Amino acid sequence: MNDATSSPQSVLVLGATSDIARAITRRLVERRARRIVLAGRDRAGVERVAEEMREAGASDVTTVAFDAADVGSHREVIDKAFAGGDIDLAVVAFGALGDQSRDERTPEAAAALVTTNFTGAVSTGVALAERMREQGHGAIVVLSSVAGERARRSNFIYGSTKAGLDAFYQGLADSLVGSGVRVLVVRPGFVKTRMTEGMKPAPLSTTAEEVAEAVVRGLERGSGTIWVPGPLRAVMVVLRHLPRPVFRRLPI
Amino acid sequence: MAPELLTGWGRTAPTAAEVLRPRSPEEVSELLAAAGGRGVIARGLGRSYGDAAQNAGGAVIDTTGVDAPMEVDPDTGVARLGGGVSLDAVMRHALPRGWFVPVTPGTRQVTVGGAVAADIHGKNHHHDGSFATHVSALTLATPAGVRRLGPDDELFWATAGGMGLTGVVTEAVVRLMPVETAYVWVDTDRTPDLDSTLALMAASDADYRYSVAWIDCLTRGASMGRSVLTRGDHASLDQLPQKARGAALSFSSAARLAAPPWAPAGLLNRLSIRAFNEAWYRKAPRRQRGRIHSIGSFFHPLDGVSGWNRLYGKRGFLQYQLVVPFGAEDALRRAVERLARGDCPSFLGVLKAFGPADPGPLSFPAPGWTLALDLPVGPPTLASLLDELDEVVAGAGGRVYLAKDSRLRPELVEKMYPRLGEWRAVRAAADPAGVLRSDLARRLGLLEDTK
Ligand SMILES: Cc1cc2nc3c(=O)[nH]c(=O)nc-3n(C[C@H](O)[C@H](O)[C@H](O)COP(=O)(O)OP(=O)(O)OC[C@H]3O[C@@H](n4cnc5c(N)ncnc54)[C@H](O)[C@@H]3O)c2cc1C
Ligand SMILES: NC(=O)c1ccc[n+]([C@@H]2O[C@H](COP(=O)([O-])OP(=O)(O)OC[C@H]3O[C@@H](n4cnc5c(N)ncnc54)[C@H](OP(=O)(O)O)[C@@H]3O)[C@@H](O)[C@H]2O)c1
């Protein structure tokens, strides 16, 4: 169960090897989380995360094979995760950045990115909502991105997948009002993780630990959407309203 | 039927359940027999602070609509009361007839079933014990059938403090207390610090039926733990002023906001709470004797402000209530010291000395000092602060109150309630299929032995 300070006792992570998800899960284990279900496609990587969580104090860590692009398997993956008992909180963390210059010339690659980031997030979201609605409680934390707030020339395919994901989970949150299930949409800016390795940090860049801290606070506050770091919220308001020719030329 | 969102009085951790509203004890039994996979739990007036009367994804039996008796023997004060009847209704019925409930919590808006399930205590615990001590018989609807129970039955004591997990109390026979008036006489003493508060209580609580101290948990240094101690007993007819004697037993529920905590929404921050506590302490008389109060203003000052729990805003609040044995004053001091740092400000706490425990394995009261305080959810250090207090309390051989809990670390339950195993065995016999479930039970692992 989630307690009065919104600390869950059981957590499911979809995309368990994600740096951000690991930081969130570790934070939750430091508080109350004891049963952790880790879902991912890289078996060895997921095992390493399992070991990390056991060391952090989780007493019951299990793993499930999960490929975000294999949409047909999602219902079964989610059912497996819930077979061991209620899931108080699910983190939807998987996602890929793609390669914009390749993807905008390769329809298959562009579609594959959309399948992983958007279609996969929708099918897991539907399955999660169904199971949580049945159990009468739960929280879903989903990693969206500021990249989804306004598509940028430099990564609009990725940005559009996050725009779709964000819209879907906002709507899902509304559909779950009164069910005991809540959704926290997280919009980080540039986070220094494996995904952004080798890239030049954008202004207001942040770390996985800071995202994890913000998620814990957002849950406690009952927020529906958070930006990390917080000031990005105001920055995005400005960026969203810039005239297109200006926005296009910005070095972001 | 569409599920409804439920919370406790603290309005934290809402979960959805199907709320069933039986009209008769027979219907209660039928609902228990028909319970689905996620089980069922009783709910009275929802005055427990946390998730005790919730059952996410399952069913919750609202007991307040069950047709119930309210019979008070005018000669003996023995009352036959429905489990869903409120203590407010009992008082309104019995007080004009010269009888009062043997134990009353800080609000009248609790049911008889809730009073048994939490084995509630009042300001008279050191004198009269907890609620179940005054119960001579219970009718309990369990998934294994209806049981009539008396204090010789193990299941009776597993039900007292058992947080609804042994079944649904549909009736209780309660011995009421004779009173001459609907008034209380009260002695007030203002104490400068924690040690003098404890010393005064230890020295003279025995002279009073009721005793409680309002403690300021925000002041540090030499004045840490300063309190206003209020103690008294039911007033006899000749203690009332002449003009009040005519209607001595008429029950007035119009509570005056005499002392306790309340502040406008959005202002519940550290500064306003500190200012409130300060003003309130200054306002209290240093020493006053024999002041006459109405029952409402003495016992239930907050009942005059309906829905005051909403003042804490959408994040809600929680109540932390601990008891540590006599001799563990150091643990109490450490708790007050930690709270006084002020990062998680609370309005006046309530401090009291408990008397002997009753036989209920999960009954909260035990001889020692109990401290209760309301804390708004929000300060980032709240969760870790309370975890820290839990360790202090458990280390001192104390416990926290399940009826107030909404965040205890499950690993500590068995340490705080060492007779949990015994309780589980009695409970399991009454509910072999494991139908009775609550969010509290799930969160704390009350039903299963995890080792
Ligand atoms: C302002 C305030 C002051 C309070 N002061 C005190 C105090 O001084 N001392 C004290 O001890 N407590 C105090 N309490 C707590 C309160 O007395 C208990 O939580 C009590 O159990 C609430 O009764 P309820 O009918 O609202 O029960 P609920 O909150 O609805 O349920 C509480 C528990 O009782 C069980 N239950 C309810 N009805 C039945 C039934 N018919 N059969 C079996 N189980 C049942 C539920 O399953 C649940 O586990 C206070 C609460 C408030 C809000
Ligand atoms: N880093 C940032 O700047 C930033 C900013 C905003 C939002 N985000 C979002 O935050 C989330 C986590 O990112 P991160 O920064 O933690 O990066 P990361 O460490 O690279 O994590 C990405 C995760 O997605 C998983 N994944 C990718 N494709 C998958 C598939 N088909 N099936 C299953 N899992 C798949 C990866 O698993 P493998 O280990 O198997 O590859 C990895 O666990 C992502 O959704 C990302 O879009 C990141």
- Query: If you go through the range B:226-264, how many residues are under 22 Å from the mean Cα position of the chain (by Cα) and at pLDDT 90 or above?
  - Reply: 8
- Task: Kindly provide the set of residues from the range A:124-147 that are within 14 Å of chain B (Cβ to nearest Cβ), farther than 12 Å from A:F168 by Cβ and among the aliphatic types (A, V, I, L, M), ordered by number.
- Result: A:M132, A:A139
- Query: Could you say which residue among B:Y210, B:Y183 is buried (at least 19 other Cβ atoms within 10 Å of the Cβ), aromatic (F, W, Y) and more than 16 Å from ligand 1 (Cβ to nearest atom)?
  - Reply: B:Y183
- By residue number, the members of the range B:389-415 that are within 13 Å of chain A (Cβ to nearest Cβ) and either without any contact (Cβ under 8 Å) to a residue 24 or more places away in the chain or charged (D, E, K, R) (or both) are B:D390, B:K404, B:D405, B:R407, B:R409, B:E411, B:L412
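Condition first: within 6 Å of ligand 1 (Cβ to nearest atom) and either touching a Pro at 6+ places or on another chain (Cβ under 6 Å) or outside any loop (DSSP other than H, G, I, E, B) (or both). Now tell me which residues in the range B:41-59 satisfy that. Reasoning before the result, please.
Step one: filter the range B:41-59 for residues within 6 Å of ligand 1 (Cβ to nearest atom), giving B:41-48, B:52-53.
Within the range B:41-59, B:I41, B:A42, B:R43 meet the criteria.
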- Task: Read through the list (1) among the hydrophobic types (A, V, I, L, M, F, W, C); (2) within 14 Å of chain B (Cβ to nearest Cβ); (3) surrounded by 21 or more Cβ atoms within 10 Å (Cβ to Cβ), then give the number of the only condition that A:A83 fails.
- Result: (3)
- Message: Within the range B:356-371, does at least one residue satisfy the condition of being among the hydroxyl-bearing types (S, T, Y) and surrounded by fewer than 22 Cβ atoms within 10 Å (Cβ to Cβ)?
- Response: no
- Task: Return the total of residues in the range A:220-229 being away from chain B (no Cβ under 14 Å) and not in a loop (DSSP other than H, G, I, E, B).
- Result: 4
- Query: Which members of the range B:18-60 meet the condition of being farther than 22 Å from A:H137 by Cβ and without any contact (Cβ under 8 Å) to a residue 24 or more places away in the chain?
  - Reply: B:E26, B:E30, B:A34
- Query: Quick check, is B:L386 touching a Lys or Arg at 6+ places or on another chain (Cβ under 9 Å) and within 14 Å of another protein chain (Cβ to nearest Cβ)?
  - Reply: yes
- Query: Just one of A:R240, A:R217, A:R233 is surrounded by fewer than 20 Cβ atoms within 10 Å (Cβ to Cβ), at pLDDT below 95 and assigned to a helix (DSSP H, G or I); which is it?
  - Reply: A:R240
- Out of (1) touching a Ser or Thr at 6+ places or on another chain (Cβ under 6 Å); (2) facing chain A (nearest Cβ under 10 Å), the one B:G44 does not meet is (2)
- Task: Count, please, the residues in the range A:1-33 that happen to be assigned to a helix (DSSP H, G or I) and more than 10 Å from chain B (Cβ to nearest Cβ).
- Result: 11
- Within the range A:136-168, can you find the residues that are within 11 Å of ligand 2 (Cβ to nearest atom) and without any contact (Cβ under 8 Å) to a residue 40 or more places away in the chain? A:A147, A:G148, A:G159, A:D166
- Could you grab me the full set of residues in the range B:1-40 that are outside any loop (DSSP other than H, G, I, E, B) and more than 11 Å from chain A (Cβ to nearest Cβ)? B:V19, B:L20, B:P25, B:E26, B:E27, B:V28, B:S29, B:E30, B:L31, B:L32, B:A33, B:V40
- Query: Is there a residue in the range A:69-83 that is in contact (Cβ under 8 Å) with a residue 12 or more places away in the chain and more than 16 Å from ligand 2 (Cβ to nearest atom)?
  - Reply: yes
- Message: Among (1) at the interface with another protein chain (Cβ under 10 Å from one of its Cβ atoms); (2) touching a Ser or Thr at 6+ places or on another chain (Cβ under 6 Å), there is one condition B:A430 misses while meeting the rest; what is its number?
- Response: (1)
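Yes/no per residue for (1) free of Cβ contacts under 8 Å to residues at least 60 places away in the same chain; (2) more than 15 Å from ligand 2 (Cβ to nearest atom):
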{"residue": "A:V61", "(1), (2)": "yes, yes"}
{"residue": "A:V64", "(1), (2)": "yes, no"}
{"residue": "A:F94", "(1), (2)": "no, no"}
{"residue": "A:S101", "(1), (2)": "yes, yes"}
{"residue": "A:A111", "(1), (2)": "yes, no"}
{"residue": "A:N117", "(1), (2)": "yes, no"}
{"residue": "A:G120", "(1), (2)": "yes, no"}
{"residue": "A:G125", "(1), (2)": "yes, no"}
- Query: Restricting attention to the range B:57-81, which residues are of a type in the set (G, A, S), surrounded by fewer than 24 Cβ atoms within 10 Å (Cβ to Cβ) and away from chain A (no Cβ under 14 Å)?
  - Reply: B:G65, B:A68, B:G77
- Top-ranked residue in the range A:169-205 [being among the β-branched types (V, I, T) and either within 14 Å of chain B (Cβ to nearest Cβ) or surrounded by 16 or more Cβ atoms within 10 Å (Cβ to Cβ) (or both); ranked as farthest from ligand 2 (Cβ to nearest atom)]: A:V177
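The values are calculated or read from the model by the stated rules, or taken from the named source; none is laboratory data. What you see is a predicted model; the values in this text were computed from it and never measured. Glycine gets a Cβ as well: all are built from the backbone with ideal geometry, and neighbour counts include every protein chain shown.
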